[in-house]
Amino acid sequence: MLITCPYCGPRDVIEFTYQGDGNRERPQPASQNLDAWNAYVYDRLNPAGDHNEIWQHSGGCRAHLRVVRNTLTHEIRSTTFARGGHKAEGRS
Amino acid sequence: MAEYSAFSLLKNALTGNKDWKPAWRKPDPKASYDVIVIGGGGHGLSTAYYLAKEHGITNVAVLEKGWLGSGNVGRNTTAVRSNYLLPQNTRFYEHSMKLWENLSHDLNYNVMFSQRGCLNLAHTPGQLDDYARRGNAMRHLGVDADLMSVDQIKRLVPALDISGSARFPILGGLMQRRAGSARHDAVAWGYARGADRRGVDIIENCEVTGFLRDGGRITGVSTTRGEIRAKKVALAVAGSTGRVMQLAGISHMPIESHVLQAFVSESLKPIIDTILTFGMGHFYISQSDKGGLVYGGDLDGYNSYAQRGSLPIVDEVMSEMLALFPGLARVRMLRSWGGLCDMTMDGSPIITTGPLPGMYLNCGWCYGGFKATPASGWCFAHTIAKDEPHEFNAPFTLDRFYRGLVIDDKGQGATPRLH
């Protein structure tokens with residue numbers, strides 16, 4: 001499986017660290033809403049199909065990436081920076 | 001129904017093996033049942049078997065979307081052990097071990113359970129201390145455990161590289177001698193025949209496409225073979241738990257589906273007569289009765305429903321095998337495959353009533369479901385029949401994650417790929 005890092009271009013999956021479901025919303029650090037914290041820590045969408053997930057290019061530029069990948073075919077639909085959600089210019 | 005004995009084998013051998021009967025019927029689904037079990041794998045079949053045998057509930061259907069035993073019950077590496085640290089897990093898996101020890105007799109079906117032991121290798125003094133602690137925890141609950149020295153390990157598995165110059169020198173290991181392996185297909189077939197003989201309908205090629213409801217209560221399922229009603233609907237669908245729960249309107253679960261690969265080599269003469277695990281990575285190996293080395297390692301590490309793996313893990317698993325057995329460098333790999341693992345947030349399973357009225361849930365087996373097959377079905381049948389858990393599965397609730405009662409044997413936290 002190749003992931004196309006917006007900085008580094010297409011790289012083998014072994015350069016990346018999987019950080020899981022990208023749909024989760026982290027509550028504000030001061031939040032005392034237990035249900036929201038529980039949902040953030042434990043609940044997963046786990047779809048069979050397109051999955052919005054976070055990867056880090058830990059063996060490369062170390063950027064955190066938001067990847068949409070199909071869990072049935074492992075096909076990658078898009079790769080963007082996790083923060084800001086803007087698509088990188090340049091290589092793809 | 002097919003009965004197996006020395007006499008029947010001889011009789012059928014003399015008559016050309018033409019008179020064997022099918023081991024289970026192929027019934028059409030009835031309009032309604034007392035209990036529907038979704039999932040015709042090891043856990044679903046054993047649930048149906050124990051519902052009939054222990055609780056007298058025989059008006060039961062097992063619905064399987066493919067053919068019987070096409071999922072994880074035929075995709076695992078067949079290890080059976082109960083060498084856990086935490087008492088909730090140890091009690092449950094030790095109950096399973098006791099059922100395994102009598103399973104062939106109970107089913108009148110040879111599941112080839114072979115108690116050849118399971119040895120966890122230690123490569124650092126700290127790891128050896130940790131194994132001593134786990135061994136003591138096991139013995140405290142009546143489970144057998146022995147700490148082995150390097151000399152004992154050398155006698156047991158001469159092919160291991162036990163030299164001090166190995167990449168990760170072996171310092172000792174924790175052995176559970178009653179652990180072993182079984183023939184996984186026979187487990188599925190034996191439970192299927194035992195359930196069928198007691199009146200359970202096993203319905204293959206019948207995929208659940210939705211749930212029938214009466215108010216908030218689940219009252220049956222719609223399937224590719226029509227609607228089927230039931231007083232109780234039980235899920236035992238392992239890696240597909242997320243998909244099936246979404247049909248019931250539950251979008252989020254404390255579960256991720258991952259793929260785990262397994263491998264078989266060409267047949268060799270006997271070289272490993274135990275189950276070995278490598279302590280400096282994630283690798284386990286045993287040798288089948290046919291002589292093939294059966295081995296595997298870590299998850300691929302990302303959500304997947306593909307039932308196939310990727311090459312980096314193949315490379316990693318082979319490297320780990322050669323770190324232990326340099327002499328196997330030229331052995332050829334015969335086959336590899338992948339199975340879906342329903343990884344929970346604490347690495348322990350879920351066997352519970354609910355979460356909807358009329359529904360019962362059995363899932364979260366991570367990659368340890370095969371050894372649990374008898375106890376999983378036994379406890380799930382109890383839970384379905386009595387509408388409350390048995391003490392063995394009482395800790396394995398769905399809401400434990402939200403109540404601070406996680407059962408995290410490895411202490412990895414809510415990162416499923418690490419369990």
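All conditions but one from (1) modelled with pLDDT under 95; (2) away from every other protein chain (no Cβ under 14 Å); (3) assigned to a helix (DSSP H, G or I) apply to B:LYS410; the one that does not is (3). For B:ASP387, the conditions (1) charged (D, E, K, R); (2) away from every other protein chain (no Cβ under 12 Å); (3) in contact with a Gly (Cβ under 7 Å, 6 or more places away or on another chain) all hold with the exception of (3). Please verify whether segment B:355-362 includes one or more residues that are without any contact (Cβ under 8 Å) to a residue 24 or more places away in the chain and over 16 Å from the mean Cα position of the chain (by Cα). No.
Per the listing B:GLY190, B:GLY220, B:GLY164, the residue uniquely over 30 Å from B:LYS98 (Cβ atoms) and not assigned by TED's automatic domain parsing to the domain that holds B:ILE272 is B:GLY220. Tell me, which residue of segment B:80-92 that is touching a helix residue (DSSP H, G or I) at 6+ places or on another chain (Cβ under 7 Å) and crowded, with 21+ Cβ neighbours inside 10 Å is nearest to B:THR373 (Cα to Cα)? For segment B:80-92, the residue satisfying everything is B:VAL80. Inside segment B:1-58, residues that are in contact (Cβ under 8 Å) with a residue 12 or more places away in the chain, part of a helix (DSSP H, G or I) and polar (S, T, N, Q) make up a count of 2. I need the full set of residues from segment B:342-369 which are in contact with a His (Cβ under 7 Å, 6 or more places away or on another chain) and either assigned to a loop (DSSP other than H, G, I, E, B) or surrounded by fewer than 24 Cβ atoms within 10 Å (Cβ to Cβ) (or both), in order please. Result: B:GLY347, B:CYS366. When B:ILE228, B:ILE272 are screened for being crowded, with 19+ Cβ neighbours inside 10 Å and in a strand (DSSP E or B), only B:ILE228 passes. Please indicate, with yes or no, whether at least one residue in segment B:240-250 is assigned to a strand (DSSP E or B), crowded, with 16+ Cβ neighbours inside 10 Å and within 14 Å of another protein chain (Cβ to nearest Cβ). Scanning segment B:240-250, I find no residue that is assigned to a strand (DSSP E or B), crowded, with 16+ Cβ neighbours inside 10 Å and within 14 Å of another protein chain (Cβ to nearest Cβ), so the answer is no.
Across segment B:287-302, the qualifying residues are those that are of a type in the set (Ser, Thr, Tyr) and in contact with a helix residue (DSSP H, G or I) (Cβ under 8 Å, 6 or more places away or on another chain), and the one among them that is farthest from the other protein chains (Cβ to nearest Cβ) is B:TYR295. Out of B:GLY297, B:GLY281, B:GLY339, B:GLY301, one residue alone is part of a loop (DSSP other than H, G, I, E, B), within 30 Å of A:ILE54 (Cα to Cα) and in the same structural domain as B:ASP129 (by TED's automatic domain parsing). It is B:GLY281. All of B:LEU85, B:LEU99, B:LEU119 fail the test of being outside the structural domain of B:PHE370 (by TED's automatic domain parsing) and touching an Asp or Glu at 6+ places or on another chain (Cβ under 6 Å), apart from B:LEU85.
Restricted to chain A, the set of strands (runs of 3 or more DSSP E) holding at least 2 residues that are in contact (Cβ under 8 Å) with a residue 24 or more places away in the chain, more than 14 Å from every other protein chain (Cβ to nearest Cβ) and surrounded by fewer than 17 Cβ atoms within 10 Å (Cβ to Cβ) comprises A:76-81. Regarding B:ARG155, is this residue free of Cβ contacts under 8 Å to residues at least 24 places away in the same chain and not in a loop (DSSP other than H, G, I, E, B)? For B:ARG155, the condition - free of Cβ contacts under 8 Å to residues at least 24 places away in the same chain and not in a loop (DSSP other than H, G, I, E, B) - is met.
The values are calculated or read from the model by the stated rules, or taken from the named source; none is laboratory data. What you see is a predicted model, and the numbers here were worked out from it, not measured in a lab. Methodologically, a virtual Cβ is constructed for each residue, glycine included, from the backbone with ideal geometry; neighbour enumeration extends over all protein chains shown.
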